[in-house]
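I have placed the structure first, in the form of structure tokens, so that the comments after it can refer back to it.
Every number in this text was worked out from the coordinates using simple rules, so none of it is lab data. These numbers come from a predicted model, not from an experiment. Cβ coordinates were reconstructed from backbone atoms using ideal geometry, including for glycine residues, and neighbour counts include every protein chain displayed.
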Amino acid sequence: LQNVPLFQDLSAAELESIAPLFVERKYKKGTIMFFEGDAGDEFFLIQSGVVKVYRIDNAKEIILALFRDGDFFGEMALIQKGLKRSATAETLEACSMFTLVRSEFYHFLERSPKLCLRLVETTMERLRKANEQIYDLTFLDVRTRTIKVIFRLSEEHGVVKPNGTLINMKLTHQQLANLVGTVRESVTKVLQELQEDQIISIDKKYILIQDPSALHQLAF
Ligand code: CMP
């Protein structure tokens with residue numbers, strides 16, 4: 001728990017008191033952890049793996065966020081008493097999680113102002129990203145949105161390699177389309193163009209940004 005950003009300000013003693021309250025759970029790839037509209041009484045912290053949080057309308061899907069080790073989710077239905085899960089959560093890879101029930105989550109928030117501040121800070125960060133998503137969906141064309149999504153993924157999940165920045169997450173064209181808010185065919189076209197221009201290359205669903213500055217220039 002020491003490496004989890006949410007807990008970074010807690011003392012060793014505070015960490016020791018919270019650690020035994022978490023229950024470790026393993027999930028296979030493709031497991032739906034909860035559906036939008038479900039009643040929620042658990043908070044999730046990812047130890048390993050990737051989770052997508054999304055909303056669906058008539059088989060069309062928009063991904064609101066991708067979470068990985070160190071990230072938490074499921075806090076909204078716990079804090080907003082009487083409200084349901086605001087989105088569906090599904091594992092994109094096999095995951096190991098720590099979960100905390102509502103009463104324990106509350107217990108800790110009430111006792112730790114530092115934890116509350118970190119939670120607010122992360123919420124602000126997520127609101128900022130949501131604002132960006134609203135802006136992009138309203139004002140930008142599909143090509144620019146696709147490029148921005150790839151750029152952001154490289155910022156958030158990028159690992160620097162000798163030949164470029166690797167997005168450390170397997171993503172299908174359909175999943176990218178669900179992040180962009182468009183159809184798969186449009187994303188495939190943009191990806192092909194970026195590969196032809198040697199800005200990116202794709203190997204086994206992993207995207208390598210060969211020319212980050214060219215990608216940045218196209219995105220902004
Ligand atoms: P909850 O509503 O309990 O269940 C779905 C979770 O997804 C939610 O809590 C948040 O943790 C997370 N979530 C919902 N919307 C967003 C968003 N726009 N950005 C990041 N995370 C979100």
Residues listed by number, the range 76-101, amide nitrogen under 13 Å from residue 119 label point at 7 Å toward C-beta:
76-81, 100-101
D for the range 70-169, whole µm²/s, Stokes-Einstein with Kirkwood Rh over alpha-carbon pairs at 4 °C and 1.567 mPa s: what number?
78 µm²/s
On a full-extension model of 0.36 nm per residue, what is the gain between residue 201 and residue 36, subtracting their alpha-carbon distance, rounded to one decimal in nm?
55.9 nm
Which semi-axis lengths, in whole Å and largest first, follow from the square roots of five times the eigenvalues of the Cα gyration tensor of the range 137-201?
20, 13, 11
Length added when fully stretched, residue 21-residue 102, from 0.36 nm per residue minus Cα-Cα:
28.0 nm
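Roughly speaking, what is the stretch gain from residue 214 to residue 94, that is 0.36 nm per residue apart minus the C-alpha to C-alpha distance, in nm to one decimal? Mind dumping the intermediate values first?
On the way: separation 120, 0.36 × 120 = 43.20 nm, distance 3.38 nm.
Between residue 214 and residue 94, full extension yields an extra 39.8 nm.
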With respect to the cross-link table entries 148/189; 161/205; 52/81; 26/84; 161/204, which display a Cα-Cα separation exceeding 20 Å?
52/81; 26/84
Give the relative contact order (percent, whole number) for the chain; include only Cα pairs under 8 Å separated by 6+ residues.
19 percent
Filtering chymotrypsin sites (Phe, Trp or Tyr not before Pro) in the range 114-152 by DSSP loop and by at most 13 other Cβ atoms within 10 Å leaves none
Counting only the backbone N, which residues of the range 182-204 are under 13 Å from the spot 7 Å out from the Cα of residue 29 toward its beta-carbon?
204
Cα centroid of the range 187-217 to Cα centroid of the range 69-108, whole Å:
34 Å
With labels modelled as points extended 7 Å from the Cα through the Cβ direction, what inter-label distance (nm, one decimal) is found for residue 12 paired with residue 172?
4.7 nm
Looking at the calculated P(r) for the range 101-220, what percent of the C-alpha pair distances fall above 22 Å?
43 percent
Counting residues in the chain as N, plug N into 2.2 N^0.38 Å and put the Cα Rg over that result.
1.09
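Select from the chain the helices, each a whole stretch of DSSP H, whose alpha-carbon atoms run 24 Å or more along the helix axis and whose Kyte-Doolittle mean is at least -1.0; answer none if there are none.
Values: long enough: 113-139 (39 Å, -0.39).
Qualifying helices: 113-139.
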